[in-house]
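Novice: Before I ask anything, here is the structure I am working with.
The values are calculated or read from the model by the stated rules, or taken from the named source; none is laboratory data. Just so it is clear, the structure is predicted and the values come from calculations on it, not from any experiment. Here the Cβ positions follow ideal geometry from the backbone for every residue, glycine too, while neighbour counts run over all protein chains shown. Just so you know, the surface numbers come from the protein's heavy atoms only, side chains and all, with ligands and any DNA or RNA stripped out. Shrake-Rupley method; radii C 1.70, N 1.55, O 1.52, S 1.80 Å.
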Amino acid sequence: NIATFEMERKNYPMLNRACNPLQKPSAPITGRDMSELRTGLRNPEKANVILRGEPGSGKTAYTQGFAYDKDSTQYFVLVVDVERLAKDTEGDKDSEIANGLMDLVEEVSDYSRAHDLIMILFMDEFHRISMLSPSSVEAVKPILEKSAANGFRIIAATTFEEYDQWISPNRALDQRLLPINLPELPRDTVITILKNRAIQYGVMDVAEETVFDDIYDTSK
C-alpha cells in the first residue's frame, strides 16, 4: 500500500501536500489491545474514533500497532498535517484550512474507491483544528457523518485536558466521535518495554540491575 501511494501521490494534490503514511513502529507495541479500536472503526453509525490519553501515553504508538497488525491489511493509515491543509499560507488561515480539509476528504474518497481500501486519516493533536480554524470544525461534522459511506475513517488523538477544552463543548462534534481512553501502562509493562529497547539497541549487557526501575521512577 505504501509503495503504491508513493507512486501515485502526485495525482492527489492535497493528499500529497498534507499526508504521509504512518510509519512502522520501531519496536513491537506491548501492553495495548487494539480490539476496541478495530470494533470502533467497524461501527456503521459512529465509525470515527478519538483516542484520549495523557501526554506520552502512546496514542501514536497505539495507532501504529493497529496499522501494521496482520489483521489490518484492508486499512491504510495516513498521518494528516493539519497546518499543511492551507494552500495559501498568506491567506485567511481559517478558511484555507477548511477548504483544504474538504479537498482532502474528496481525494481520500477517490483513492479509497480506486484501490479498494479503507483509508484512515490519523489526526494527532486533533484539538488544533478547533484552535486554528473554527470553520473546519463546522466542515468536519458532515465529513464525520458520511465518512464510512465514502470509504474512509478518522482516528483523532488528543489529551484529556485539551479534549475537555476544545472538543467536548461542541456537542455536535463530540457526538460524532467514539472515545477510546488509553490509560497509563502499568509499571511492569513499562519496564518490560524499557528492557526490550535495551536489548534492541544492544546495551542490555551494560545496564545496571536497577536502572529500569530508576528510569520509571524518575520519569514519574
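Novice: With a 1.4 Å probe and every protein chain kept in, tell me what percent of the accessible surface of the stretch 116-217 is carbon plus sulfur.
Specialist: The value for the stretch 116-217 is 51 percent carbon and sulfur by accessible area.
Novice: Here's another thing I want to ask about it. Let me know the charge dipole size of the chain about its Cα centre in debye, to the nearest 20, where only the beta-carbon of Lys, Arg (+1) and Asp, Glu (-1) is charged.
Specialist: Using only the charged Cβ atoms, the result is roughly 660 debye.
Novice: Report in % the part of the accessible area of the stretch 1-71 that belongs to carbon and sulfur, leaving out ligands and nucleic acids; probe 1.4 Å.
Specialist: It is 47 percent, rounded to a whole number.
Novice: For SER147, what residues show an amide H to amide H distance below 5 Å, using hydrogens built from the backbone and excluding near sequence neighbours?
Specialist: Amide H neighbours of SER147, under 5 Å, 5+ apart: none.
Novice: Residue by residue, what Karplus-based ³J(HN,Hα) values in Hz, rounded to whole numbers, does the stretch 121-138 have, using 6.51, -1.76 and 1.60 with θ = phi - 60° and x for Gly and Pro?
Specialist: These are the phi-based 3J(HN,Hα) values: 9, 8, 10, 6, 6, 4, 4, 5, 4, 5, 5, 8, 8, x, 5, 5, 4, 5 Hz.
Novice: Okay, moving on. So how do 50-59, 20-29 stack up, highest first, on mean other-Cβ count within 10 Å?
Specialist: Ranking, from highest mean packing down: 50-59, 20-29.
Novice: For the stretch 17-28, take each phi angle, set θ = phi - 60°, evaluate the Karplus expression 6.51 cos²θ - 1.76 cosθ + 1.60, and give the result in whole Hz per residue in order, putting x for glycine and proline.
Specialist: Each residue of the stretch 17-28 in turn: 6, 10, 10, 9, x, 5, 5, 5, x, 6, 8, x Hz.
Novice: Further, regarding this structure: Please give the contour-minus-distance gain from ASP71 to GLU83: 0.36 nm per residue of separation, less the Cα-Cα distance, rounded to one decimal in nm.
Specialist: Length gained between ASP71 and GLU83: 1.2 nm.
Novice: Could you pull the accessible area for ARG153 with a 1.4 Å probe, rounded to 10 Å²?
Specialist: 30
Novice: Shifting gears a bit: Separation of the stretch 1-61 and the stretch 119-186 by C-alpha centroid, Å?
Specialist: 13
Novice: Can I ask one more? Peptides 203-210, 177-184, 87-94: what's the order by average Cβ count within 10 Å, highest mean first?
Specialist: Put in order of decreasing packing, that is 177-184, 87-94, 203-210.
Novice: Is the shape of the stretch 60-163 rounded, prolate or oblate, going by the alpha carbon gyration tensor and its root eigenvalues a ≥ b ≥ c, with a/c under 1.5 for rounded and a/b larger than b/c for prolate?
Specialist: Because a/c hits 1.5 or more and a/b fails to exceed b/c, the stretch 60-163 counts as oblate.
Novice: Now for a different question. Pairs of Cα atoms under 8 Å, at least six residues apart: use those to get the relative contact order of the stretch 99-186, whole percent.
Specialist: For the stretch 99-186, the relative contact order is 33 percent.
Novice: I've got another one for you. For the stretch 34-191, what is the relative contact order in percent, using Cα pairs closer than 8 Å and at least 6 residues apart in sequence?
Specialist: 36
Novice: Further question: Rounded to the nearest whole Å², what accessible area per residue is found for the chain with the 1.4 Å probe?
Specialist: Per residue, the chain has 53 Å² of solvent-accessible surface.
Novice: Ignoring ligands, DNA and RNA, how do SER168, SER72 rank by accessible area with a 1.4 Å probe, largest first?
Specialist: SER168, SER72
Novice: Also, quick follow-up: Just subtract the alpha-carbon distance of THR210 and GLN23 from 0.36 nm times their residue separation and send over the number in nm, one decimal.
Specialist: Difference between extended and current length: 64.1 nm.
Novice: Please work out the Kirkwood hydrodynamic radius for the stretch 1-117, using every pair of different C-alpha atoms, and report it in angstroms with one decimal place.
Specialist: Over the stretch 1-117, the inverse of the mean reciprocal pair distance is 15.8 Å.
Novice: Once you have all Cα-Cα distances for the chain, histogram them in 5 Å bins from zero and send the whole-percent values.
Specialist: Histogram of Cα-Cα distances, whole percents per bin: 1, 6, 14, 17, 18, 15, 11, 7, 6, 3, 1, 0.
Novice: Next up: List the residues whose amide H sits under 5 Å from the amide H of LEU178, counting only those 5 or more places along or on another chain, with H placed 1.01 Å from N in the peptide plane.
Specialist: When sequence neighbours closer than 5 places are left aside, the close amide H contacts are ASN48, VAL49, ILE50.
Novice: So what J values fall out for the stretch 164-179 if you push phi through Karplus, 6.51 cos²θ - 1.76 cosθ + 1.60 with θ = phi - 60°, rounded to Hz, Gly and Pro as x?
Specialist: Listing the rounded values in order: 5, 7, 10, 9, 4, x, 8, 4, 5, 6, 4, 6, 8, 10, 8, x Hz.
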